[in-house]
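Encoded as structure tokens, the structure appears first; notes follow it.
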Amino acid sequence: MRTRTVKRKAQQQQPPAAQPDTGLVAPAGRREQNKADKLRRIRAAAYDLFTTGGFDDTTLRQIAVRAEVGFGTLFSYASNKRDLLFLVVTDDLLEMNRRAFDNVPTDIPLLDQLLYVWQIFYTFFDMQPTLARLTLRELNFYSEGEQARKIYQGRDAMMARLTALVTAARERGEIRTATADARIARAIFAIYSAEVRRWIGDDNRDMASGMVELRQLLRLLITGITHPVGNPDGGSTAAV
């Protein structure tokens with residue numbers, strides 16, 4: 001009896017036999033890994049085709065073939081071609097926004113703070129001008145798709161950070177107008193938004209001249225057109 005009891009306990013303590021992998025249901029870890037790998041391939045394929053063949057001439061089917069995924073699989077990641085473009089760039093854009101505003105110096109005038117932020121943006125776009133032109137073009141009326149939600153959340157966060165810079169400048173005595181800080185921030189962003197598109201569209205652009213022109217326009221906003229501004233090139237561009 002003792003021998004049978006010991007044998008029965010030993011059997012109970014043994015781990016259950018491994019079940020054969022039928023391939024019907026992948027473990028959760030493997031599913032996530034496969035999904036991440038597909039996303040990586042789709043982003044790489046879209047980037048390559050958009051920057052070499054052009055956004056307008058590239059088809060979703062071409063991207064699916066290059067990424068080696070089913071055509072329908074694309075729609076698990078993006079709802080249309082424009083959404084797919086932003087799938088390529090959204091994470092980098094959001095990280096750039098965060099990094100620019102997290103590191104802006106607090107002990108310099110508002111104008112230099114703005115140039116510090118926008119120089120990071122200019123540098124980011126200058127590293128991949130073809131993709132930047134596509135992105136900035138398509139951003140104008142981008143309102144549909146999963147990536148659109150992330151883009152607009154990121155823009156709202158950026159405008160909040162920009163408004164905070166304006167508010168801090170007001171508290172330092174740099175701003176005396178009664179105009180709301182959020183509206184001033186919108187004006188600042190409007191100048192940047194138009195100017196960065198003009199600058200990135202120039203094949204002969206350079207960072208120094210781009211920053212000088214942006215400085216002059218922002219300085220005009222800050223000082224106002226009814227007051228003399230002295231030397232329009234005065235001041236230094238904050239280094240990144």
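Each reported figure results from applying straightforward, stated rules to the coordinates on display, with no laboratory input. As the structure is a prediction and not an experimental result, all values here were calculated from the model. Cβ atoms come from the backbone with ideal geometry, glycine included; neighbour counts cover every protein chain shown.
Some points to look at:
- FRET efficiency estimate (nearest 0.05) - Cβ-Cβ, GLN128 to ILE225, R0 35 angstrom: 0.50
- Residues MET207, MET127 in ascending order of nearby Cβ atoms (within 10 Å, fewest first): MET127, MET207.
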